[in-house]
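Presented below is the structure to which this report refers.
Read-outs: derived from the displayed coordinates by stated rules, not from any lab. Bear in mind the structure is a predicted one, so any value in this text is a computation, not a measurement. Cβ sites come from the backbone with ideal geometry, for glycine too, and all protein chains shown count toward neighbours.
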Amino acid sequence: MWSALIADARLYSRLRWPSGNSALRRVLIWFRSSGLLVLALQRVSYGYLQQRAQRGWTIGTILLRVLIGLTRRPMMILTKCDVDDSIQIGPGVYLSDRGFLILGPLRIGSGTLIHERVTIGVRAGDPGKPVIGEKVWIGPDCVIYGNLSVGDGATVLPGAVVSMSVPARAVAAGNPATIVRREFDNTGLRSSLARDIDPQSLAPR
């Protein structure tokens, strides 16, 4: 858990201060980023579930349960985010500081950026849980639901409603979403906090 949190802080710091990512800034980011705090609470909650499954009720698991119970509701109110405890999240993930996230996928891979007002894996009447791969970029106002996968390096453009699998390195856009480009390198998108993407700029060349 601790190595994942360090990787998270490095990513947040690099995105906020692209010109320099010092150790001091990696400490300061914990006081500047509500998304990082949401991610940290989820990691603690996930660790608690793993420990309780392995060891049952111990002093450690009881203390963790109390800590989580005291912090969950205030965190949800403060950040307007609800992130399921059971999600397996890889190291170095970004959850938007702007909030309004409702996340319940099975897994989120490392290097993935998720912007504000995104709902994943939570839809009435649909028990499916998506799998989000590594190095995925998900823009604002997206909905992703169902038993599907978003492949490594995929890009989901703002406002997309995704109910089908998205291949690796593909770009999905629209409502309902369709694949508008394949073999797209989203490294540039994942290197900044830019959120407003013109779909025309991603048209195949």
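Candidates TYR145, ASN175, GLY104 compared by Cα position along the dipole of segment 83-205: farthest toward the positive end lies ASN175, with charges placed on Cβ. The modelled label-to-label distance between ARG195 and TRP57, using points 7 Å beyond Cα along the C-beta direction, is 4.3 nm. Most simply put, the chain has about 15% antiparallel DSSP beta bridges, counting only bridges with both residues inside it. Note on VAL66/ASN147: beta-carbon distance plugged into 1/(1 + (r/R0)^6) with R0 of 35 Å gives a FRET efficiency of 0.50. Relative to the current alpha-carbon distance between SER3 and MET76, full extension at 0.36 nm per residue lengthens the span by 23.8 nm. Extension gain, PHE31 to SER19: 0.36 nm times the residue separation minus the Cα-Cα distance gives 2.4 nm.
Put the Cα centre of segment 174-198 next to the Cα centre of segment 1-25 and the gap is 23 Å. Shape class for segment 50-205, computed from the alpha carbon gyration tensor (a ≥ b ≥ c): prolate, with a/c not under 1.5 and a/b above b/c. Placing +1 on each Lys and Arg Cβ and -1 on each Asp and Glu Cβ, with no other charges, gives segment 2-196 a dipole about its Cα centre of roughly 480 debye. For the chain, the mean residue ellipticity at 222 nm estimated from helices alone is -11000 deg cm²/dmol, where every DSSP H run of n ≥ 4 contributes -39500 (n - 2.57) and the total is divided by all residues, rounded to the nearest 500.
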